[in-house]
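Colleague: One structure follows; several queries about it will come next.
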Amino acid sequence: LPAPAPTPCPACPAAKPQHIADCDTSQCPPCPRPPGGAFKEDPRWSQEVPREPAPMPPPVNPRYAVLGLAKNIKLNLAYRFLSSLRLHAPDVDIVIFTDFDGGAHGTLYRAFGVNVQLYSESSFEPAKVRNYHPSSYRWIMISDFLERRAAAGKPYDAVMFTDTRDAYFQADPFAALPLQASPGLYAFLEAKPTTIRECGWNSGWVKDCFGAQGLAQVGREVISCSGTSIATWASAREYARVMKEEILSNPCERNGVDQGMHNWFVYSHKFADTHLVTNEEGPIATVQRMTKLRHDWFGRVINDLGEPYAVVHQYDRSASLDRVAGTVNLLEMPRGADPTCDNC
């Protein structure tokens, strides 16, 4: 059958016109944008939608802060982290240390009200730090940031230190802990029963930094992950300061040694009021060594008590969980941010 005759300006429909390619839309007024970002090939949508979303202002006088480093992070992974955190903890100060805040990344940070701390490795002092791994030098910047807050009289009630590339949120991480009743440092363990000495990476980090004697002292303990910790204000400052000083003074520098330092300090009782929280019953899932993942009816990952984890960390270690993470909190991606970008 012959195709219907083209119309000069199709009506704004609920579904795509069959012959929109045959229509002259250059003089048409913009249509209301359909839900779900559909029909992007119709030039009228780009005329109607601004490229830059209205930025979300950072919270005023926040009580809690989440601090993380984002270097060379892919845009879709940054989006998972920020959107899920802002959804479940809308009033926290999200502090991101990054060496790039332009383009779509800058759009994303503004859209979620991120407190961006821009840095350049070339400006680090002493100069040796310029060659350090980001997982190491982050503690120098974190400690300095907290001390500037303290000097300005702007303390937080509590702070979370976290990785950003492989974490997303299912609940408010601060609401899951008795921070007022039991202040201090909360260190989160990986899945039992693997101990520090049974893991080649973790035992190597401890041994490199503290010798065979240091490994013998803490080797029997269950691994604690340095990628997620929560502390009340005084303990957060102390923890970050001690990590900074050890990073600067210990010659064991390489990728991951901050976890060896973290485990040494936690298990050698370096910090008063340290609370060890198990992977099995706590609010943070560290997926690396979990042999089984349980979900509730809503698809949330839950602990052995049947409670949803507030944070799912290292989700990319599980292929099935990585796929699920790609669908969490499907808020609309800010304009100008392409979640499929290969070079982000």
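The values are calculated or read from the model by the stated rules, or taken from the named source; none is laboratory data. As the structure is a computational prediction, the values presented were derived from the model and not from experiment. With ideal geometry, Cβ positions are generated from the backbone for all residues, glycine too; neighbour counts draw on all protein chains shown. Remember, those area values only see protein heavy atoms, side chains included, never the ligands or the DNA or RNA. Shrake-Rupley method; radii C 1.70, N 1.55, O 1.52, S 1.80 Å.
Colleague: Output the residue which, of all residues in segment 40-72 that are modelled with pLDDT of 95 or more and among the aliphatic types (A, V, I, L, M), is surrounded by the most Cβ atoms within 10 Å (Cβ to Cβ).
Modeller: Val66
Colleague: Looking at Val257, Val206, Val218 in this structure, which one is over 27 Å from the mean Cα position of the chain (by Cα) and crowded, with 21+ Cβ neighbours inside 10 Å?
Modeller: Testing whether each residue is over 27 Å from the mean Cα position of the chain (by Cα) and crowded, with 21+ Cβ neighbours inside 10 Å leaves just Val218.
Colleague: With respect to Asp91, is the statement that it is more than 26 Å from Ser249 (Cβ to Cβ) and among the acidic types (Asp, Glu) true?
Modeller: Judged against the criteria, Asp91 is a match.
Colleague: Going through Tyr156, Tyr132 one at a time, which residue ends up being more than 23 Å from Asn76 (Cα to Cα), open to solvent by less than 10 Å² (accessible area, probe 1.4 Å) and aromatic (Phe, Trp, Tyr)?
Modeller: Tyr156
Colleague: Condition (residue is without any contact (Cβ under 8 Å) to a residue 60 or more places away in the chain, among the small types (Gly, Ala, Ser), open to solvent by less than 40 Å² (accessible area, probe 1.4 Å) and under 19 Å from Met141 (Cβ atoms)) applied to segment 227-240: is it met by at least one residue?
Modeller: yes
Colleague: Quick one: Val266 ticks every box in (1) under 20 Å from Val311 (Cα atoms); (2) not in a strand (DSSP E or B) bar one, so which box is it?
Modeller: Evaluating Val266 over (1) under 20 Å from Val311 (Cα atoms); (2) not in a strand (DSSP E or B) leaves (1) as the failure.
Colleague: Sticking with this structure for a sec: Before we move on, is Ser135 touching a Gly at 6+ places or on another chain (Cβ under 7 Å), polar (S, T, N, Q) and under 21 Å from Arg237 (Cβ atoms)?
Modeller: Yes: the conditions hold for Ser135.
Colleague: Can you work out which of the residues in segment 279-322 that are in a helix (DSSP H, G or I) and of a type outside the set (Asp, Glu) is nearest to Ala181 (Cα to Cα)?
Modeller: Across segment 279-322, the extreme among qualifying residues is Val287.
Colleague: Just to check your reading of the model, which residue among Asp144, Asp157, Asp172 is in contact with a Leu (Cβ under 8 Å, 6 or more places away or on another chain) and closer than 25 Å to Ile96 by Cβ?
Modeller: Result: Asp157 is the single residue among Asp144, Asp157, Asp172 that is in contact with a Leu (Cβ under 8 Å, 6 or more places away or on another chain) and closer than 25 Å to Ile96 by Cβ.
Colleague: Sort out which residues of segment 268-286 are open to solvent by 10 Å² or more (accessible area, probe 1.4 Å) and touching a strand residue (DSSP E or B) at 6+ places or on another chain (Cβ under 8 Å), and write them in order of number.
Modeller: Phe271, Asp273, Thr274, His275, Leu276, Val277, Thr278, Pro283
Colleague: All but one of (1) under 20 Å from Asp316 (Cβ atoms); (2) in contact with a helix residue (DSSP H, G or I) (Cβ under 7 Å, 6 or more places away or on another chain); (3) charged (D, E, K, R) hold for Asp172, so report the exception by its number.
Modeller: (1)
Colleague: Just to check your reading of the model, which residue among Ala285, Ala337 is at pLDDT 95 or above, touching a His at 6+ places or on another chain (Cβ under 9 Å) and of a type in the set (Gly, Ala, Ser)?
Modeller: Only one candidate qualifies: Ala285.
Colleague: Determine, yes or no, whether Phe169 is in contact with a Pro (Cβ under 9 Å, 6 or more places away or on another chain) and either open to solvent by 10 Å² or more (accessible area, probe 1.4 Å) or of a type outside the set (Lys, Arg) (or both).
Modeller: No, not satisfied.
Colleague: Which one of the conditions (1) outside any helix (DSSP H, G or I); (2) within 25 Å of the chain's Cα centre (by Cα) does Pro251 fail to meet, given that it meets all the rest?
Modeller: Of everything listed in (1) outside any helix (DSSP H, G or I); (2) within 25 Å of the chain's Cα centre (by Cα), Pro251 misses just condition (2).
Colleague: Right, another one. Report, by residue number, each residue of segment 87-129 that is among the hydroxyl-bearing types (Ser, Thr, Tyr), open to solvent by less than 30 Å² (accessible area, probe 1.4 Å) and either modelled with pLDDT under 95 or part of a helix (DSSP H, G or I) (or both).
Modeller: Within segment 87-129, Thr107, Tyr109 qualify.
Colleague: Right, here's the next one. Just one of the numbered conditions (1) assigned to a strand (DSSP E or B); (2) modelled with pLDDT under 95 is not true of Leu276; which one?
Modeller: Leu276 satisfies all of (1) assigned to a strand (DSSP E or B); (2) modelled with pLDDT under 95 except (2).
Colleague: Here's something else I'd like to know. Could you list, in sequence order, the residues of segment 269-286 that are among the small types (Gly, Ala, Ser) and more than 22 Å from the chain's Cα centre (by Cα)?
Modeller: Across segment 269-286, the qualifying residue is only Ala272.
Colleague: Given (1) in contact (Cβ under 8 Å) with a residue 12 or more places away in the chain; (2) open to solvent by 40 Å² or more (accessible area, probe 1.4 Å); (3) more than 19 Å from Ile140 (Cα to Cα), where does Gln213 come up short, assuming only one miss?
Modeller: (1)
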